[in-house]
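Just so you know, all these numbers are worked out from the coordinates, no wet-lab data involved. Predicted model, so just to flag it, every value in this text is computed and none were measured. Cβ placement follows ideal geometry from the backbone for every residue including glycine, while neighbour counts extend to all protein chains displayed.
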Amino acid sequence: MEDKEIIALFFERNEAAIAKAARKYGAYLQLIARNILGDDAFAEECVNDAYFKAWENIPPLRPERLGAWLGRLTRNIALNRLERSRAEKRGGGETDTAFSELEGCIPSNSPDIAESIAFKNALNEFLAAQSAEARRIFIQRYWYFLSIEEISKENGASKSKVKSSLMRTRNKLRIHLEKEELFI
């Protein structure tokens, strides 16, 4: 079923919209949440919360790319849950490791830097200038929170090649952000 048809079901307030969205995007959303939280049960709760948020927000919203929009909802819900878990002294899959890797190239002078429009634009511009392979590896690690092993397997590359690619891309990102005066 096409996204437009699923969105039309949401606009009709037809509960089949959630079932259709789950059939089409459920595995994708579960992967995002599981990679952040490291737990299938918590991931499933986050995915269900994302469907609920979709039900609350469509209408009036009409996402252009339903899968990407649901993915972003799921990711944000999972990251919020992880933050709450950290406050209770529990861990979270590959997320902690990935965040610690980014500490050296993402500015920490402002808690809202990752949400700023300037930062998002600079990051998108930076990623667009990278090779397809470097961009894919970077996104797999820092958006989907895949492990080095999973990225290696997905790309048919050695672990050392993945690690090197990530290190080079992080270094380039820091330089890019410094030029954009977003890294202080």
Placing each pseudo-label 7 Å from Cα in the direction of the beta carbon, Ala132 and Glu149 end up separated by a distance in nanometres of 2.9
Sequence order, the range 160-168: Karplus ³J(HN,Hα) from phi using 6.51 cos²θ - 1.76 cosθ + 1.60, θ = phi - 60°, Hz rounded, Gly and Pro as x, gives 5, 5, 5, 4, 5, 4, 5, 5, 4
Violations at 31 Å Cα threshold for listed pairs Lys24/Lys161; Lys53/Lys163; Lys120/Lys161 -> Lys24/Lys161; Lys53/Lys163
Length-normalised contact order of the range 1-81, Cα under 8 Å, at least 6 apart, in percent, tallies to 35
Distance in Å, no decimals, from the C-alpha centre of the range 16-84 to the one of the range 112-184 is 23
Whole-Hz Karplus couplings 3J(HN,Hα) for the range 124-137, θ = phi - 60° and coefficients 6.51, -1.76, 1.60, Gly and Pro as x, run 4, 4, 4, 5, 5, 7, 8, 5, 4, 5, 4, 5, 4, 5
